[in-house]
Amino acid sequence: MTRLVHGDIVPNLNRNASPCTAKGCKWPKRGRYVKVPVIISSTYSRAERNIIIRSLLTFHRSTCIRFVWRRWWHRQYLNFFSGSGCWSYVGRQTRGQPVSLRKNGCLYTDTVQHEVLHALGFHHEHVRSDRDTYVSILTQNIQPGKEHNFVKVPTNNLGTPYDFNSVMQYSNFAFSKNRQPTIVSKKNPKLSFGNAEQMSANDIARVNRLYKCSE
């Protein structure tokens with residue numbers, strides 16, 4: 001498998017450095033809703049499938065995203081399966097788009113939301129274009145070979161602030177080699193983050209702004 005970028009993103013080598021949402025990786029909106037077809041692997045138990053379904057339904061309550069069961073005519077869809085960890089692509093891909101949620105370790109609401117937000121076109125907080133104003137990346141504490149997980153991306157931040165409460169925010173100790181922090185808040189170096197259990201108000205606002213949910 002291709003090396004993951006930023007820990008849980010499969011790189012699409014066909015895309016350039018520009019934010020892909022400006023280049024065609026948004027899911028199409030028809031009328032009031034953005035309908036995203038999904039399939040969920042039968043290898044999950046009923047209880048495990050329900051965790052994924054309930055997590056998807058949180059988007060229905062606060063955004064115009066609507067997940068629907070994939071039909072034969074849907075060429076582009078999300079394929080949830082138990083793979084080698086928690087990972088996905090950023091934005092809509094061609095044909096079936098894998099979203100790996102390993103049975104033991106990834107089936108939590110925040111993790112499902114996190115990977116779905118990737119699939120909708122969103123990056124992690126700590127790599128957003130303005131991150132240097134808000135956090136310091138302590139490269140001396142990063143595991144050798146994991147530095148690529150901290151490379152900034154030219155993101156469209158949609159007029160929303162950096163959000164330590166986002167489900168897209170990694171923890172202070174992400175990819176640490178020595179139990180020392182790798183990401184530190186500039187305003188409050190003692191701030192603990194990366195433990196959100198639900199999408200934040202900013203996570204929701206970004207979805208609604210990117211997909212023009214109020215229009």
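Quick check: is even one residue across region 199-209 surrounded by fewer than 17 Cβ atoms within 10 Å (Cβ to Cβ), in a loop (DSSP other than H, G, I, E, B) and in contact with a helix residue (DSSP H, G or I) (Cβ under 9 Å, 6 or more places away or on another chain)?
Looking for residues that are surrounded by fewer than 17 Cβ atoms within 10 Å (Cβ to Cβ), in a loop (DSSP other than H, G, I, E, B) and in contact with a helix residue (DSSP H, G or I) (Cβ under 9 Å, 6 or more places away or on another chain), one finds none in region 199-209, hence no.
If you take the residues in region 167-181 that are in a loop (DSSP other than H, G, I, E, B) and of a type in the set (Gly, Ala, Ser), which one is least open to solvent (accessible area, probe 1.4 Å)?
Ala174
Looking at region 139-153, is at least one residue more than 16 Å from His124 (Cβ to Cβ) and surrounded by 13 or more Cβ atoms within 10 Å (Cβ to Cβ)?
Checked against the condition, which is being more than 16 Å from His124 (Cβ to Cβ) and surrounded by 13 or more Cβ atoms within 10 Å (Cβ to Cβ), region 139-153 yields at least one hit.
With the structure loaded, tell me whether Val184 is closer than 23 Å to Tyr89 by Cβ, open to solvent by less than 30 Å² (accessible area, probe 1.4 Å) and either part of a loop (DSSP other than H, G, I, E, B) or out of contact with any Gly (no Cβ under 7 Å at 6 or more places or on another chain) (or both) or whether it fails that test.
Judged against the criteria, Val184 is not a match.
What's the total number of residues in region 110-134 that are under 19 Å from the mean Cα position of the chain (by Cα) and not in a helix (DSSP H, G or I)?
Count: 7.
Do we have any residue at all in region 52-64 that's in contact with a strand residue (DSSP E or B) (Cβ under 7 Å, 6 or more places away or on another chain), open to solvent by less than 20 Å² (accessible area, probe 1.4 Å) and assigned to a strand (DSSP E or B)?
no
All but one of (1) β-branched (Val, Ile, Thr); (2) in a loop (DSSP other than H, G, I, E, B); (3) at pLDDT 95 or above hold for Thr2, so report the exception by its number.
(3)
Among what's in region 143-161 and is without any contact (Cβ under 8 Å) to a residue 60 or more places away in the chain and in contact with a helix residue (DSSP H, G or I) (Cβ under 6 Å, 6 or more places away or on another chain), pick the residue that is farthest from Gly91 (Cα to Cα).
In this case the residue turns out to be Thr160.
Taking only pairs six or more apart or across chains, which ones have beta-carbon atoms under 8 Å, a first residue in region 37-58 that is free of Cβ contacts under 8 Å to residues at least 24 places away in the same chain, and a second residue that is in a strand (DSSP E or B)?
Filtered contacts from region 37-58: Arg49/Ile40; Ile53/Ile40; Leu57/Phe67.
For the structure I just gave you, tell me whether Arg95 is touching a strand residue (DSSP E or B) at 6+ places or on another chain (Cβ under 6 Å) and not hydrophobic (A, V, I, L, M, F, W, C).
Judged against the criteria, Arg95 is not a match.
Out of the residues in region 65-79 meeting the condition of being in a loop (DSSP other than H, G, I, E, B) and touching a residue at least 24 places away in the same chain (Cβ under 8 Å), tell me which one is nearest to Asn208 (Cα to Cα).
Going through the qualifying residues, I end up with Gln76.
Being in contact with a Lys or Arg (Cβ under 8 Å, 6 or more places away or on another chain) and either surrounded by 15 or more Cβ atoms within 10 Å (Cβ to Cβ) or part of a strand (DSSP E or B) (or both) is the filter here, so list the residues in region 80-105 that pass it.
Hits for region 80-105 are Ser82, Gly83, Cys86, Gly91, Arg92.
The values are calculated or read from the model by the stated rules, or taken from the named source; none is laboratory data. Being a predicted model, the structure only gives us computed values, none of them experimental. Note: ideal-geometry Cβ built from the backbone for every residue, glycine included; neighbour counts use all protein chains shown. Protein only, heavy atoms only, side chains kept; ligands, DNA and RNA dropped before computing areas. Shrake-Rupley method; radii C 1.70, N 1.55, O 1.52, S 1.80 Å.
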